[in-house]
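Trainee: Submitted below is the structure of interest, expressed as structure tokens.
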Amino acid sequence: RFLTRRNYGHSASWSPDRSRIAFAQLESFKNYSSYSDLYLYDFKSEQVTLLTQGERLRDPDFHPNGRHLVAVKGGQGQDRLVIYQLDFHRFDTLEWIDKDLLMSSHRWSPDGARIVVSGWKNGNQDIYLIDMNSKQVRPIHVDKALDLTPTWSPDGRTILFASDRTGAYNLFAY
């Protein structure tokens, strides 16, 4: 069924209780720019709420507790991972992550302790594991293959991703 219109964007995230969907879309900002911002669709109220304005945020993913979103803030040739706090309507930038790592397809682990991302750095598109407790970023694979769209198995023990490492895109598990 139709829920709402959307101006460009390819990812969305269900809240853990399945009552809301977070997504990003482009909107005009200050009459001359198009920036991506975060939105929340609530199934109970059937309303869309604009969460940010002019922040260049994209690709939200719900934390397992349903109170935070991880998203990417773009701008000035850099991507910064941010945590948007739904209760306080603000975001915190994870400044400790290498600013030269261009990130996409980020997903929280089922326990909320880690985030897996597809990251572009030094000419390679690889999978990185971000530990939120130790504040460490660890590459899983660093090679010439294009590793994309990582996600977690429901038990959090396996990371699934697409890669062209065999010459054609296939699904891989780590």
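The values are calculated or read from the model by the stated rules, or taken from the named source; none is laboratory data. All figures in this text were calculated on a predicted structure; none of them were measured in a lab. We place every Cβ from the backbone using ideal geometry, glycine too, and count neighbours over all the protein chains shown. Accessible surface is based on the protein model in full, side chains and every heavy atom, while ligands, DNA and RNA are left aside. Shrake-Rupley method; radii C 1.70, N 1.55, O 1.52, S 1.80 Å.
Trainee: Taking region 147-161 on its own, how many of its residues are over 17 Å from the mean Cα position of the chain (by Cα) and open to solvent by 60 Å² or more (accessible area, probe 1.4 Å)?
Mentor: 3
Trainee: Which of the residues spanning region 34-53 are closer than 16 Å to Asp92 by Cα, open to solvent by less than 20 Å² (accessible area, probe 1.4 Å) and in contact (Cβ under 8 Å) with a residue 24 or more places away in the chain?
Mentor: Leu38, Thr52
Trainee: When region 119-145 is examined, which residues are found to be more than 16 Å from Phe172 (Cβ to Cβ), open to solvent by 30 Å² or more (accessible area, probe 1.4 Å) and either in contact with a Lys or Arg (Cβ under 7 Å, 6 or more places away or on another chain) or of a type in the set (D, E, K, R) (or both)?
Mentor: Matches in region 119-145: Lys121, Asp131, Met132, Lys135, Arg138.
Trainee: Turning to a different aspect of this structure: Criterion first (at pLDDT 95 or above, surrounded by 16 or more Cβ atoms within 10 Å (Cβ to Cβ) and not basic (Lys, Arg)) does Ala22 satisfy it?
Mentor: yes
Trainee: Out of all the residues in region 26-44, which are charged (D, E, K, R) and at pLDDT 75 or above?
Mentor: Within region 26-44, Asp37, Asp42, Lys44 meet the criteria.
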